[in-house]
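Down below is the structure, laid out as structure tokens.
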Amino acid sequence: MIEIFGYPFVTNAFLGALLVGTVCSVIGVLVILRGLAFVGAGIAHAAFGGVALGFLLGIDPLFSAILFCIGTALLIQLTKKKATLREDTAIGIFFAFTMALGVLFIGLMRRYDARLYGYLFGNILGITRGNIILMLALAFVVLLVFILFYKEFKFIAFDEELAEASGLAVGLLGAIQMALIALTVVVSIKTVGIILVEALLVIPAATAYQLTNRYGVMFFLSWAVAVIACIVGLFLSYILAVPSGATIVIVSAGLFALAAIFSPKRKRCRVCGREP
Amino acid sequence: MNVVKFERVTVAYQHTVALADVSFSLESGEFLGVVGPNGSGKTTLLKTVLGFVKPVSGKVFILGGNGGSLRRVRSRIGYVPQRKPIDPNFPVSALEVVLMGSYPSIGVLRQPIKKERERALATLKAVGLEKWALHIAGHLSGGQQQRLLLARALMQNPELLLLDEPTAGVDVASRKRMVELIYQEHKERGLTTIYVTHDINEILPWVDRLMLLNKTIRALGSVSEVVSPKILEEFYGAAVVFAEHQGKRLVFTEDRHD
């Protein structure tokens, strides 16, 4: 089995999977605790417009996806605030709008580019050294910003109104969080694809949520689940010759099912006698 | 010094007036009780103090300023919001919740250290929750959660304390202890406090001044000035009965439900 690492594209694939697993699992905890799962889906679909624009203009689709995703993330935040809309409504608007732009850009290309398929469904074996460097840089930025605002993000997730009343810059921190989700989506596109990236953002963190009541531990468990899912999924996809992105997501879902079944939170709280 | 000063403040949500032409000021160290029925603008009053809602007219001065850096002003205000149960699955302990009160002052990059942890434990002790420090916050009872949120507000070392129905959903015995605790902290820390409630009896023994609010200020003054049959009957729109219990004056209206 180990001989497969002799191929540079396999090494790149594993490095890519580990990077994606790490970033998604950490940001995923914030997504879960703040109830932003639909935001992740909205931003992921915005990436489709960005990738299509990249193909149309002949630039690296990941760069155009970064602009599209961050732009959409911030517009969702702004629309929610200024237009006094519910967040899911704002997401619903931009979700459809950016997808429509993507379809429009593909139409303007007047030709079919097979690489687009790789961005939609992931092409982990197509990850290049250049992609790895870009992913590493993005992952570094995401994790650094996350560490900088670790405690502030915790407070906002716990109670946004209370955090704002205490003097935290909740609007700015919310925008930073949205930008982090956008960057995480871009980091992950090559590995699992636009359609499945939401799963890696949500499932490892949701799995960890089943297993612990400790904030710090939740990040570690989420990371462990994501890394296990990425490595096992990649091996299985290699052995079974099936798409890697889908296999990684299916393994993640399997781990979630196990965690949900054996979750200590499902047991009745013996101390307080309350249902959890 | 005026800690809070409202000058002819009117607040509206779209076309619905929540506060109309409200003027009052609060001196440092005062304990003001605000009483009014549901929808009378009590919560809006606190949210105006916090800068969450902007008046359509009038001026608000908080802690010596009228605007300035809103975030800096907020960091000097301790706020206990209207009760909403803490998610029992949210992964934070009671100690972590109290520590959140120190976040605005320690700034970005730094994590709470031993000094803050010791202060948080002392604050938990002050509200009688030291035994529960490492318990999941959402697993505490309703009354304990309210005391926890009070501890978080006190951890901020506030100059102004805002309490929005802090005893709502709390059993009668715990309610009395909670109000006593708030008064004790108010005195010991030299706080200026605004306590909002719909139950006048809860705060009568403790407050320096009492405000009867129903969109506009119906009465404002010392307890002896405000608690008169004429003023209260006008405010409640019903006959008022006074009673004495253990030296404390209690007020009942004829159509009282609780």
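In table form, for the structure just shown:
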read-out: Candidates A:V187, A:V51, A:V145: whichever shows maximal mean-square fluctuation once chain A is modelled as a Gaussian network with Cα springs under 10 Å; value: A:V145
read-out: At least 15 Å along the helix axis (C-alpha) and Kyte average at least 0.0, DSSP helices within chain B; value: B:142-155
read-out: Furthest towards positive pole of dipole, B:P55, A:V29, A:F235, structure part the protein assembly as shown, Cβ charges; value: A:F235
read-out: Cα-based Rg / Dmax (Å) for chain B; value: 18.6, 59
read-out: Cα gyration tensor, the range B:205-258 - rounded (a/c under 1.5), prolate or oblate; value: oblate
read-out: Max mean-square fluctuation residue, GNM over chain B, Cα-Cα springs under 10 Å, options B:I106, B:I194, B:I203; value: B:I106
read-out: Rounded to the nearest 20 debye, dipole of the range A:72-131 from Cβ charges on Lys, Arg, Asp, Glu; value: 160
read-out: Translational diffusion of the range B:181-224, µm² s⁻¹ [Kirkwood Rh, Cα pairs; Stokes-Einstein; 25 °C; 0.890 mPa s]; value: 214
read-out: For the range A:174-251 and the range B:86-132, distance of Cα centres in Å; value: 31
read-out: Net charge dipole size for the range A:1-106 [Lys, Arg +1 and Asp, Glu -1 on Cβ; Debye, nearest 20]; value: 500
read-out: Rounded, prolate or oblate (a/c below 1.5 giving rounded, otherwise prolate when a/b exceeds b/c) for the range B:48-111 by Cα gyration tensor; value: oblate
read-out: Within the range B:7-84, GluC sites (Glu not before Pro) in DSSP loop having at most 15 other beta-carbon neighbours inside 10 Å; value: none
read-out: In the range A:110-148, the trypsin sites (Lys or Arg not before Pro) that fall in loop regions by DSSP, at most 11 other Cβ within 10 Å; value: A:R110, A:R111
read-out: Chymotrypsin sites (Phe, Trp or Tyr not before Pro) restricted to the range B:1-95 and DSSP loop, no more than 16 other C-beta within 10 Å; value: B:F52
read-out: The range A:1-56 versus the range B:17-76: alpha-carbon centroid distance in Å; value: 46
read-out: Likely footprinting exposure, A:T184, A:T98, A:T22, A:T11, fewest C-beta neighbours within 10 Å first; value: A:T11, A:T22, A:T98, A:T184
read-out: Top of B:N89, B:N214, B:N157 by mean-square fluctuation, Gaussian network on chain B, Cα under 10 Å; value: B:N89
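Bear in mind these aren't lab numbers, they're just calculated from the coordinates by the rules spelled out. Computed from a predicted structure; not experimentally measured. In this analysis, Cβ positions are derived from the backbone assuming ideal geometry, glycine residues included, and neighbour counts consider all displayed protein chains.
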